[in-house]
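The values are calculated or read from the model by the stated rules, or taken from the named source; none is laboratory data. In this text the structure is predicted, and so the values were computed from the model without any measurement. Cβ: placed from backbone, ideal geometry, glycine included. Neighbour counts: every protein chain shown. These area figures cover heavy atoms from the full protein model, side chains too; ligands, DNA and RNA do not enter into them. Shrake-Rupley method; radii C 1.70, N 1.55, O 1.52, S 1.80 Å.
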Amino acid sequence: MPGTCVIGLHWGDEAKGKIVDLLTPRHDFVVRYQGGANAGHTVVVGKEVYKLSLLPSGVLTEGVTSVIAGGVVINPAKAIEELDELASRGVDGLEKNLKISDRAHVIFPWHVAEDRALDSNTSDGENIGTTQRGIGPCYRDKVARSHAIRVGDLYRDDLRQTIQHVVAAKRPVIAAMGGADAAESLDPEAIYNEYTAYAERLRPHVADTTEMLLSAAEAGKMILLEGAQGALLDVDHGTFPFVTSSNSSGVGVCNGTGLPAKYVNFTIGVVKAYTTRVGGGPFPTEQDNADGQRLRDQGNEYGTVTRRPRRCGWLDAVATRYTARLGGVDAVAVMLLDVLSGFEELKICTAYEIDGERTNVFPSHVDDLRRVKPVYESLPGWREDVTGVRALEDLPANARGYLDRIAELVGRPVCLVSVGPGRDQTILTGAAEQLAV
Ligand code: GDP
Ligand code: IMO
Ligand code: MG
């Protein structure tokens, strides 16, 4: 079973970092394959809390090779900052154990400037509310095949000229987007000096990770693929245009790593026991009321990267069934179940009503998604604190009933239940028992 994939089935922040950290010891490689430092994956080890944006969550386990594959857009300053922070906290071996693809595209200051200027410009006027990390503009330049610089290009003799050329092209564009000051402050020579220093620092990590992962898969090595964001933020299959700019649904594994699909043998879809979203865009089960505030308070729902309050709502089984199918999900991990303790009544959206018609189909257009009325089923809640529970049979009967209903509605078994942020606050069932230590 060489390839295990962990993907979020909602709009991100489903607690993928915790799962990846848990599964890492049974794997040889942990791979980030899309997104960039827009991600914020939290791993809690005892009293230590690690927040990883760019480095794979496997970096905390010794002896495992962590890979930032070619589908990631990499901000080198951010990578170095995370490496330094981990080293200062006693995480060893990264000099040898972190590999960065020479094919990954590099985020430059002009991407960040464009991201800031662009984010007010969706066609209907609602902001995407990006993380402003330059993700979208960097992917755009990659697809446009112009003004794009890859990690491997940082070591070429013509880097200085390339940067001069790109800055000259970007300045008027950014100024026209309302970023005159940002455009003015782009200094090609300073950027060149900054990025050559980053390149030197990262040199030991840079590798042809496509070749490395193909060889590893062919040799039967265990590879853990760490999705960032969530399937509903997928640029092709999510709530476009309120999405990120990569394939975060699981279809991104192949293009992001170069690995053929046949090597992905098991996919875990990660969901919260409810739903959250950061940024703009439709969210049918959002509770902009006391229930939503209670979920936010009990779940500490504030962005890992931006600290923005997350929008909170009930579990949406229509959306989750869609993304579980899209991701070829074998089993579901239900996270933050403890947050629901104390709610007398819980709701799950089992269908949408649109123009008086009931449907189980997740609409392809956000205008339709905005118009849907969620059809809710009520389930009885539980009062007990479940953070100390370690076996399914010790959960309150209503919590078990809630999990069973999720499995039924999403059409996938539950393989893992999380009752707190700690590594040990986890109930493993079924296939996950073989994948985790
Ligand atoms: P990711 O981006 O998918 O890795 O998720 P984030 O790290 O952004 O957000 C998940 C948050 O939930 C983090 O603060 C985790 O420490 C926390 N967390 C993970 N599992 C649980 C859980 O079962 N219960 C609670 N209360 N918190 C959890
Ligand atoms: P993890 O990996 C939650 C959201 C942003 C915005 C949209 C586009 O921690 O789950 P971008 O900066 O990517 O162009 O922003 O996507 N977003 C996330 N939301 N978790 C994430 O990552 C996210 N990464 C991006 O809030 O709505
Ligand atoms: Mg996150």
- Query: In Å, the Kirkwood hydrodynamic radius of segment 20-136 over pairs of distinct alpha carbons?
  - Reply: 15.2
- Taking every Cα atom in segment 199-245, find the radius of gyration and the maximum pairwise distance Dmax, and write them in Å. 15.9, 40
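At a 1.4 Å probe radius, which order do ILE191, ILE354 fall into by accessible area, largest first? Show your work: numbers first, answer last.
Details: ILE191 10, ILE354 35 Å².
Largest accessible area first, the residues go ILE354, ILE191.
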- Message: Using +1 at the C-beta of Lys and Arg and -1 at the C-beta of Asp and Glu, which of TYR322, GLY303, LEU52 has the Cα lying farthest in the positive direction of the dipole of the chain?
- Response: TYR322
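Report the relative contact order of the chain, percent, no decimals, based on alpha-carbon pairs under 8 angstrom and at least 6 residues apart. Intermediate results must be reported in sequence, preceding the final value.
Working: 990 pairs, mean separation 88.3, N = 437.
Worked out over the chain, it gives 20 percent.
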- Any idea what angle helix 317-326 forms with the longest principal axis of the chain, computed on alpha-carbon atoms, 0 to 90 degrees, nearest 10? 50
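Per residue, what accessible area does segment 135-223 have, given a 1.4 Å probe and all protein chains present, in Å²? List each step's numbers first, then the result.
On the way: 4650 Å² over 89 residues.
Solvent-accessible surface per residue comes out at 52 Å².
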- For the pair SER146 and ALA169, the simple spin-label estimate (label points 7 Å beyond Cα toward Cβ) gives in nm 0.6
- Query: Roughly how large, in nm² to one decimal, is the mean projection of the convex hull of the alpha-carbon atoms in the chain?
  - Reply: 20.3
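What number comes out for accessible area per residue over segment 293-377 if the probe is 1.4 Å? Units Å², please. Can you show the working numbers first?
Values: 3690 Å² over 85 residues.
Accessible area per residue, segment 293-377: 43 Å².
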- Message: Per residue of segment 426-435, what does 6.51 cos²θ - 1.76 cosθ + 1.60 with θ = phi - 60° give for ³J(HN,Hα)? Whole Hz please, x for Gly and Pro, Karplus curve as stated.
- Response: 9, 10, 9, 9, x, 4, 5, 4, 7, 8
- Item | Debye intensity ratio I(q)/I(0), log10, segment 235-277, q values 0.14, 0.19, 0.22, 0.27 Å⁻¹ (C-alpha model) | -0.43, -0.74, -0.89, -1.04
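Using only the Cα atoms, what convex hull volume per residue in Å³ does segment 74-213 have?
Details: hull volume 19.0 nm³, N = 140.
Hull volume normalised by residue count: 136 Å³.
Can you tell me the accessible area per residue over segment 30-95, all protein chains present, probe 1.4 angstrom, in square angstrom?
Numbers: 2130 Å² over 66 residues.
Value returned for segment 30-95: 32 Å² of accessible area per residue.
Of the accessible area of the chain, with the probe set at 1.4 angstrom, what percent is carbon plus sulfur?
Numbers: 8370 of 17350 Å².
With neighbouring chains kept in place, the figure for the chain is 48 percent.
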- Query: Among GLY63, GLY342, GLY136, whose mean-square fluctuation peaks in a Gaussian network model of the chain (Cα, cutoff 10 Å)?
  - Reply: GLY342
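Please list the equivalent ellipsoid semi-axes of segment 278-401, computed as the square roots of five times the alpha-carbon gyration tensor eigenvalues, in descending order and whole angstrom.
Numbers: eigenvalues 129, 68, 47 Å².
For segment 278-401, the ellipsoid semi-axes come out as 25, 18, 15 Å.
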- Can you give the calculated 222 nm mean residue ellipticity of the chain, where each DSSP H run of n ≥ 4 adds -39,500 (n - 2.57) and the sum is split over every residue, rounded to the nearest 500 deg cm²/dmol? -9500 deg cm²/dmol
- Query: Where both residues lie in the chain, what percent of DSSP beta bridges are antiparallel, nearest 5?
  - Reply: 40
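So for SER341, SER249, SER185, what's the accessible-area order with a 1.4 Å probe, most first? Intermediate values should be presented prior to the final figure.
On the way: SER341 20, SER249 0, SER185 85 Å².
Result of the area sort, largest leading: SER185, SER341, SER249.
Considering only segment 281-437, what is the antiparallel percent among its DSSP beta bridges, to the nearest 5? Could the numbers behind the result be given before it?
Values: 16 of 21 bridges.
Beta bridges within segment 281-437, antiparallel portion: roughly 75 percent.
Under a Cβ-only charge scheme (Lys and Arg +1, Asp and Glu -1), can you give me the dipole magnitude of the chain about the Cα centre, in debye to the nearest 20?
Details: 46 positive and 58 negative charges, 68 e Å.
Here the size comes out at about 320 debye.
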- Starting from the amide H of VAL206, placed 1.01 Å from N in the peptide plane, find each other amide H under 5 Å away whose residue is 5 or more places distant or on another chain. ILE100
- Exposure of ASP187 as accessible area (Å², to 10), given a probe of 1.4 Å and all protein chains: 70
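Placing +1 at every Lys and Arg Cβ and -1 at every Asp and Glu Cβ, with all other atoms neutral, what dipole size does segment 35-173 have around its Cα centre, in debye to the nearest 20?
Values: 17 positive and 18 negative charges, 61 e Å.
With only Lys, Arg, Asp and Glu charged at Cβ, the dipole is about 300 debye.
Give me D for segment 216-363 in µm² s⁻¹, whole number, from Stokes-Einstein with Rh from the Kirkwood sum over alpha-carbon pairs, 4 °C and 1.567 mPa s.
Numbers: Rh = 16.8 Å.
For these conditions, the coefficient is 77 µm²/s.
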